[in-house]
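Taken together, the values in this text are just the output of simple stated rules run on the coordinates, not laboratory data. Predicted model only: the values in this text are computed from it and were never measured. All Cβ positions, glycine included, derive from the backbone under ideal geometry; neighbour counts span all protein chains shown.
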Amino acid sequence: MADLTTDFLGIKSPNPFWLASAPPTDKEYNVRRAFEAGWGGVVWKTLGSEGPPVVNVNGPRYGAIWGADRRLLGLNNIELITDRPLQTNLDEMTRVKKDYPDRALIASIMVPCDEQSWKEILPRVEDTGADGIELNFGCPHGMAERGMGSAVGQVPEYIQMVTEWCKMYYSKPVIVKLTPNITDIRKPARAAKAGGADAVSLINTINSITSVDLDQMAPEPTIGGKGTHGGYCGPAVKPIAMNMVAEIARDPETHGLPISGIGGITTWRDAAEFMSLGAGNVQVCTAAMTYGFKVVQEMISGLSQWMDEKGYKSTADFVGMATPNVTDWQYLDLNYVTKAKIDQDACISCGRCFAACEDTSHQAILMKEGRVFEVDDGECVACNLCVNVCPVEDCITMVELPKGEVDLRTGQKRGDYANWTTHPNNPSSTAAE
Amino acid sequence: MTSPMTPGIAAGRLSTEEIAANFADLHPQFDAHEAQVAADRCYFCHDAPCMTACPTSIDIPLFIRQIQTDTPEAAAKTIFEQNILGGMCARVCPTETLCEEVCVREAAEGKPVEIGRLQRYATDTLMAKQSHPFSRAPETGKRVAVVGAGPAGLACAHRLAMKGHSVTIYDAKPKPGGLNEYGIAAYKTPHDFAAKEADWLMQIGGIDLRTGISIGSDITFDELRGDFDAVFLGIGLGGVNALRTGGEELATDAVEFIADLRQSSDLSALPVGRNVVVIGGGMTAVDAAVQSKHLGAENVTIAYRRGREAMPASRYEQDLAAANGVKLMFNVMPSSLAEGEITLEYTSVTDGKLSGTGETVTIPADQVLKAIGQTLTTVSGVAVEGGKIAVTGAGRTSIDGVWAGGDCTNLGEDLTVWGVAEGRDAAEDIHTTLMGA
């Protein structure tokens, strides 16, 4: 069986599955249950400064969207950082770390953007024995309006400055958690690196309104007839998160900076995908909030089985393996040709491919007598929409046209690799004379 | 105290509670969440096979999507536009041989989208609101007589009324509904649904229902033709085929048995044999057999003269019978009846012709029910072909101004849903004819 032990910034954990800083990690009771269930690490719910804690709303704090059979696809929340006293959290963290020395325990912190605030809290966190800290520069609601959370994460200069303070007043690893509510995720990542961060973690939640109550005419979750944007997470945000992870992993300025991947990770496969794009480990929240801590058992068994099947001995073997294959559009091979192919034995004749292609695409699927659907290679541009809408997995596949064979649509033989940079239609083409 | 083992024919073989449970809804209504889950399984097929398979061409993918998006009332309207008896069809249609048989999920997984139950969810939701989704066009001044208040007659009358014509429905029975009211198993349409549906349908207005009136004895066919601008015949099949075996007088009609059962206000007072034998292989045979069992008969046998594959009742119906403890005998035909027993002769088919093998078996039979098909009894001078009213196009008979639809015609199959389709189409044709194209 594959060894799932993960070394992230020198912090060892029995597997790469950590619980993200969020409601599930707000107190000792939950974290002990999580460790008992098998989670490799926990990022404790974000701590604030000494003094009266923040307060939460007393109405609903989550909103959601669902798929078939009410499967939860996306969740948003308007909960703030921990609303319990700082010392209570610190005492609990100390006890938990002592009892679970083999698990990773990270303290998430969000205090005002002045050196004194950080100078005060960091030694107290250090005393808990936690393995590292994560700077919450991500929460998009409630705290941002007070100059914290994503208000910091959206200004690279602040990120660098605060990271420098942390490296000054704290001896263990510093992870900077990034907000996705920004145009170019590489900028805050570069700032974190410049400030001396040991790693970045991403994504935090995305500004969102999940639904509108059409009777009250108010966004949900609705608090007394009003709503506010919340932080969006869950399976729906995974594609956005993976792109951001890949952007940082392949940026020459941040390449090699350790990444903790976060965003909709629900199964072992999601984790493997994040890690292949460059994340050294992953953090999970919504899956646990939806199904309970037990889900980690499937993540552990699944990742381990897949690693065995692929012959990976440790997680480090495949971390970042897909990163080099993430490129810019202009470098894609324009001479790579595929055609959709429908497996007639697998086809159940629903006709969705036909409707999609006929109505919205290239009229490349023919509907024949007896509800037989066939691809017209002369029209097929290989857009993949038929594959995406087909309810039967692997019924429609994209078959590569071998080099030298004629593409019936263009009448051209498939040639060697060539991309947009050298294409005659490109005004700034750099084709050799 | 009577029990299933009480000899002969007796009432009260089961307790009132047991009988009530036996005649409860065969397929209870979906609740909202079940409907969502079931609706989510629909693929919204292009040119959907289910829609093609429906005799009334209901836009099934559309109504299921309307359920999915939490508008079952809109779904019901989609259904009723094509089939005003969509509520009854949702209960009694043999969906396993119609829409659900061709569902692509049936092909893919052997488990179709539950179209019938989803249809019921939609139609029940709208009907529970006591609202009628259609309104009547301005009065045209045209008068149409509809003979027979069964599915074909009701569908025809509704469509005609909607178009603004004045409709008078005549039916010999005291209640409207035809076989929906008198001829279908009680557990398929409990809670007096057939009567409620007819009332609901009449809310369109412009329909005068006259029950207890027979054409021929109370009013002549010629009088009708003279009094009305058009006549629609939805008279069904009034007669029952004969067994043509010794002791025939000992057998009763399954249709009559079901009608008595459906109209009974106290099923524990309804007598049933300890040993019941039903002759036939259609849905009426299954309905009669299963209900006999539900009343408390100890042994119920369906004796069908051909093999299982030829049985008109669907495999689903056969399994329903078997699951309820009914014994299915194939390739046997009645040879003679005597007090308390029936002798069946085994059959074989050679060159497509059925004949007895000479071998017989005698089984106990306190009650023998005939379900061997019905025959047309009222022929009002219109041309008949193969024992049914011959029609062309949208139900035009050999007489000008007279249309026909439903089981009495040579169109479609003898199912509620076919009756609705034929009644509706005849109404459209009558409308076009009366108003001029």
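Of note:
- Pairs exceeding 31 Å between alpha-carbon atoms, taken from B:LYS111/B:LYS173; A:LYS310/A:LYS339; A:LYS119/A:LYS187; B:LYS111/B:LYS353; B:LYS77/B:LYS327: B:LYS111/B:LYS173; B:LYS111/B:LYS353; B:LYS77/B:LYS327.
- Using a 4.7 Å Cβ-Cβ cutoff, the cysteines of chain A lacking any partner cysteine are A:CYS113, A:CYS139, A:CYS166, A:CYS233, A:CYS285, A:CYS347, A:CYS357, A:CYS380, A:CYS383, A:CYS390, A:CYS395.
- Computed from Cα atoms, the angle from the helix A:156-169 axis to the main principal axis of chain A rounds to 40 degrees.
- Principal-axis tilt of helix A:86-99 within chain A, Cα atoms, nearest 10 degrees: 70
- Antiparallel beta bridges, as assigned by DSSP with both residues in the protein assembly as shown, represent about 45 percent of the total such bridges.
- DSSP-defined beta bridges in region A:299-433 - what % are antiparallel, rounded to 5: 100
- Placing pseudo-labels 7 Å out from each Cα toward the beta carbon at A:ALA418 and B:GLU109 gives an inter-label distance of 4.8 nm.
- Counting charges near A:ARG371 (Lys, Arg +1; Asp, Glu -1) among other residues having Cβ under 13 Å from its Cβ returns a value of -1.
- A straight chain from A:THR360 to A:HIS229 at 0.36 nm per residue would run longer than the Cα-Cα distance by 43.8 nm.
- Only beta bridges with both residues in chain A are counted; by DSSP, about 50 percent of them are antiparallel.
- As computed over region B:32-128, the Cα convex hull volume per residue (Å³): 81
- Each Lys and Arg contributes +1 and each Asp and Glu -1, all at the Cβ; summed about the Cα centre of region B:32-128, the dipole is approximately 100 debye.
- Sites A:ASN384 and A:SER171, calculated FRET efficiency, Cβ-Cβ separation with R0 41 Å, nearest 0.05: 0.20
- Taking the C-alpha atoms only, the angle from helix A:238-250 to the longest principal axis of chain A is near 80 degrees.
- A:LYS413 long-range amide H proximity, modeled H, under 5 Å: A:ASP407
- Charge dipole (the protein assembly as shown, unit charges on Cβ, about Cα centre) - positive-most of A:MET168, B:ALA38, A:TRP268: A:MET168
- Extension gain for B:ALA242 to B:ALA11 (0.36 nm times residue separation, less C-alpha to C-alpha distance): 80.5 nm.
- Here the residues A:ASP377, A:ASP213, ranked from fewest to most Cβ neighbours within 10 Å of their Cβ, fall in the order A:ASP213, A:ASP377.
- When the inverse distances between all different Cα atoms of region B:240-373 are averaged and flipped, the Kirkwood radius reads 14.8 angstrom.
- Which of A:GLN216, A:LEU122, A:GLY59, positive extreme of dipole for the protein assembly as shown (C-beta unit charges): A:LEU122
- 3J(HN,Hα) from dihedral phi, region B:398-408, Karplus parametrisation 6.51/-1.76/1.60, rounded to Hz, x for glycine, proline: 6, 9, 4, x, 10, 10, 8, x, x, 4, 6
- The label point for B:MET329 and the one for A:ASP7, both projected 7 Å from the Cα toward the Cβ, are 8.3 nm apart.
- Charge-dipole axis of region B:170-234 as Lys and Arg at +1 and Asp and Glu at -1 on Cβ define it, positive-most pick from B:GLY183, B:ALA172, B:ILE213: B:GLY183
- Approximate spin-label separation A:GLU145-A:ARG84, in nm, with each point projected 7 Å along Cα-to-Cβ: 2.6
- Estimated FRET transfer efficiency (B:GLU256, B:THR211; beta-carbon r; R0 30 Å; 0.05): 0.95
- Globularity index of region A:273-395, i.e. its alpha-carbon radius of gyration over 2.2 N^0.38 Å: 1.47
- Whole-number D in µm² s⁻¹ for the protein assembly as shown, Kirkwood Cα-pair radius fed into Stokes-Einstein, 20 °C, 1.002 mPa s: 65
- Residues B:SER265, B:SER292, ranked from the fewest to the most other C-beta atoms within 10 Å, line up as B:SER265, B:SER292.
- FRET efficiency, A:ASN325 to A:THR267 (Cβ-Cβ, R0 25 Å, nearest 0.05): 0.70
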